[in-house]
Amino acid sequence: SSGKIDLKILWRDENLDLIDQNLTNGGRAIPKLIILDAETLEELVVWGPRPKIIQDLITEWRQDPLLTHADWAERAHAWYGKDKTQETQKELKNVILKLK
């Protein structure tokens with residue numbers, strides 16, 4: 001706790017009720033960042049499991065019957081290697097700025 005933020009890390013398999021309220025395309029994808037109002041516990045933000053740009057690409061690749069899981073996973077790993085967390089940092093920064 002920083003005085004402004006009280007961080008709690010929850011394990012997916014021990015908190016399925018919360019995870020099941022925030023599925024990604026029907027799956028229990030992690031990591032997820034869920035920001036709740038401290039008083040009301042209202043969800044203010046749900047982010048994850050990955051930046052929107054790569055999530056959209058993976059969704060597209062998964063629909064291609066010619067691509068196997070290994071194919072699109074390899075493409076995703078290559079994207080992450082080139083991105084070097086820049087898109088993740090940008091999205092999380094925007095999430096935080098919107099909360100101010």
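The values are calculated or read from the model by the stated rules, or taken from the named source; none is laboratory data. Remember, it's a predicted structure, so these values are computed and weren't measured experimentally. Positions of Cβ are backbone-derived with ideal geometry, glycine not excepted, and every protein chain shown enters the neighbour counts. Ligands, DNA and RNA are excluded from the accessible area calculation, which covers all protein heavy atoms including side chains. Shrake-Rupley method; radii C 1.70, N 1.55, O 1.52, S 1.80 Å.
Remarks
- Long-range tail of P(r) for the chain (Cα pairs > 23 Å, %): 37
- Probing with 1.4 Å while keeping every protein chain in the model, the per residue accessible area of the range 37-100 equals 77 Å².
- With every protein chain in place and a 1.4 angstrom probe, the accessible-area ranking of 6, 71, largest first, reads 6, 71.
- Nitroxide proxy distance, nm - points 7 Å out along Cα→Cβ at residue 69 and residue 8: 3.2
- Multiplying the residue separation of residue 34 and residue 21 by 0.36 nm and subtracting their alpha-carbon distance yields 3.6 nm.
- Dividing the summed helix terms, -39500 (n - 2.57) for each DSSP H run of n ≥ 4, by the number of residues in the chain produces a 222 nm estimate of -14000 deg cm²/dmol to the nearest 500.
- Simple Cβ-charge dipole of the chain, Lys/Arg +1 and Asp/Glu -1, about Cα centre, in debye nearest 20: 480
- Charge-dipole axis of the range 7-100 as Lys and Arg at +1 and Asp and Glu at -1 on Cβ define it, positive-most pick from 65, 19, 88: 88
- Pairwise FRET efficiency - residue 45 versus residue 84, Cβ, R0 = 25 Å, nearest 0.05: 0.60
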